[in-house]
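The values are calculated or read from the model by the stated rules, or taken from the named source; none is laboratory data. On a predicted model such as this, the values are computed, not experimentally measured, just so you know. Every residue, glycine as well, gets a Cβ built from its backbone with ideal geometry; the counts of neighbours run over all protein chains shown. These area figures cover heavy atoms from the full protein model, side chains too; ligands, DNA and RNA do not enter into them. Shrake-Rupley method; radii C 1.70, N 1.55, O 1.52, S 1.80 Å.
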Amino acid sequence: MGSDSSNDADNSEKTEVLTGDLETLNRDFQKAKEQDPCFIIIRGHPQGQRFSLSKPEMFIGRDPSVEICLSDSGVSRKHARVFRKAALVYIEDLGSSNGTVINGRRIAANDPYRLAKEDMVRMGNWILKFLPAGELEILVYGNLGDAAHMDPLTHTYNKRYLNEALEAEFKRAKTLHNDFSVVFIDLDFFKKINDTYGHSAGDYVLKEFAQLVTKNFVRPRDVFARYGGEEFVLLLTNTNAKGAEAIAEQIRLSIEKTPFVFEGTTLRVTASFGVAEVDTTMESSQTLIKAADQALYESKNQGRNRVSIA
């Protein structure tokens, strides 16, 4: 018995091949191969956010029109250029006031520098970490960034991210004279659902509603976020008020026609909408969202389940 136990112990020390873990790792490697090279915010806001270098040429700076906008007075409006040659990525300082510092050393202006894995690029008070394409670390940072900006219940963006995106898109629209609209959405009589069927039913409705909108109506550059409770906001880039009204009306009809079935009970769900478009008189992004909020209350005052324009 003793020798058999000893042999069993020896056998138990052999390395076990964990098939499931290997499959997961292989999937992650494959997914990483599909990722573009990127910068990760190490110092700045929001920390952990990823900027994918998906275009052959991209600009970094303080100006809202650039692809990578860093809100910092120490960053020039058009601070640097990033470009790709085959699999290689280069960064070029464009004669910025405070320079571009890589790994503690300031690079010469208008002299492209070839980026390597984990290079630390400082511009003003921001530090960006460079990761080449295919790095597993890109997935890790991407997941961290998503978690920081997502509402855990509905898997839409949270209010913190909404405010950041709203400010950036507002500045971009004002600078480039682009159309930009906000849609404020409020689920009608939501408290009654919670009071009658319980908070689990309310959570179910919120998740189903968010999935319906995300799957069918949110375009690649739009931002859909939970503002709080049963209120949501949809940011529509390159869209004027009439276009936003049309999208809001499509969402309204879809919600009205969709059966929300919770534990065998069909719940009737409707929503009210307020639409506002950026204009030359608006001085801040908060003015825009308040206009959409005011239009939403107009929809409520007119009987709910409707769309109003500011």
Going through region 272-310 in order, the residues found to be open to solvent by less than 60 Å² (accessible area, probe 1.4 Å), farther than 18 Å from L236 by Cα, touching a residue at least 40 places away in the same chain (Cβ under 8 Å) and not in a helix (DSSP H, G or I) are N305
Only unsatisfied item for L206, checking (1) in contact with a strand residue (DSSP E or B) (Cβ under 7 Å, 6 or more places away or on another chain); (2) open to solvent by less than 10 Å² (accessible area, probe 1.4 Å); (3) among the hydrophobic types (A, V, I, L, M, F, W, C), is (1)
Does at least one position in region 244-252 carry a residue that is among the polar types (S, T, N, Q) and modelled with pLDDT under 95? no
Tabulated pairs, region 160-188, first farther than 16 Å from E277 by Cα, second basic (K, R), C-beta under 9 angstrom, 6+ apart or interchain: L162/R226; D186/K300; D186/R304; D188/K300; D188/R304
Filter result (under 23 Å from S54 (Cβ atoms) and either surrounded by fewer than 16 Cβ atoms within 10 Å (Cβ to Cβ) or among the hydroxyl-bearing types (S, T, Y) (or both)) within region 97-111: T100
When you go through (1) under 15 Å from Y161 (Cβ atoms); (2) without any contact (Cβ under 8 Å) to a residue 60 or more places away in the chain one by one for Y227, which number turns out not to apply? (2)
Quickly run through region 243-266 and pick out the residues that are touching a residue at least 40 places away in the same chain (Cβ under 8 Å) and either open to solvent by 10 Å² or more (accessible area, probe 1.4 Å) or touching a Lys or Arg at 6+ places or on another chain (Cβ under 9 Å) (or both). G243, E245, I247, E249, R252, S254, E256, T258, F260, F262, E263, T265
Out of the residues in region 68-85 that are open to solvent by 20 Å² or more (accessible area, probe 1.4 Å) and within 19 Å of the chain's Cα centre (by Cα), which is farthest from N125 (Cα to Cα)? C69
What is the residue count in region 57-67 for residues that are surrounded by fewer than 18 Cβ atoms within 10 Å (Cβ to Cβ), within 20 Å of the chain's Cα centre (by Cα) and under 21 Å from R114 (Cβ atoms)? 1
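Looking at A276, A225, A241, can you tell me which residue is under 21 Å from S181 (Cβ atoms) and more than 22 Å from the chain's Cα centre (by Cα)?
Numbers: A276 fails: more than 22 Å from the chain's Cα centre (by Cα); A225 fails: more than 22 Å from the chain's Cα centre (by Cα).
Residue meeting the stated conditions: A241.
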Can you report the number of residues in region 211-238 which are of a type in the set (F, W, Y) and open to solvent by 50 Å² or more (accessible area, probe 1.4 Å)? 1
Can you list residue pairs whose Cβ atoms sit under 8 Å apart, with the first residue in region 204-223 being over 11 Å from T258 (Cβ atoms) and the second being modelled with pLDDT of 95 or more and part of a helix (DSSP H, G or I)? Count only pairs 6 or more apart in sequence or on different chains. F217/I247; F217/Q250; F217/I251; F217/S254
Residues of region 115-154 being crowded, with 17+ Cβ neighbours inside 10 Å, small (G, A, S) and either in a helix (DSSP H, G or I) or modelled with pLDDT under 65 (or both), in sequence order, are G142, G145
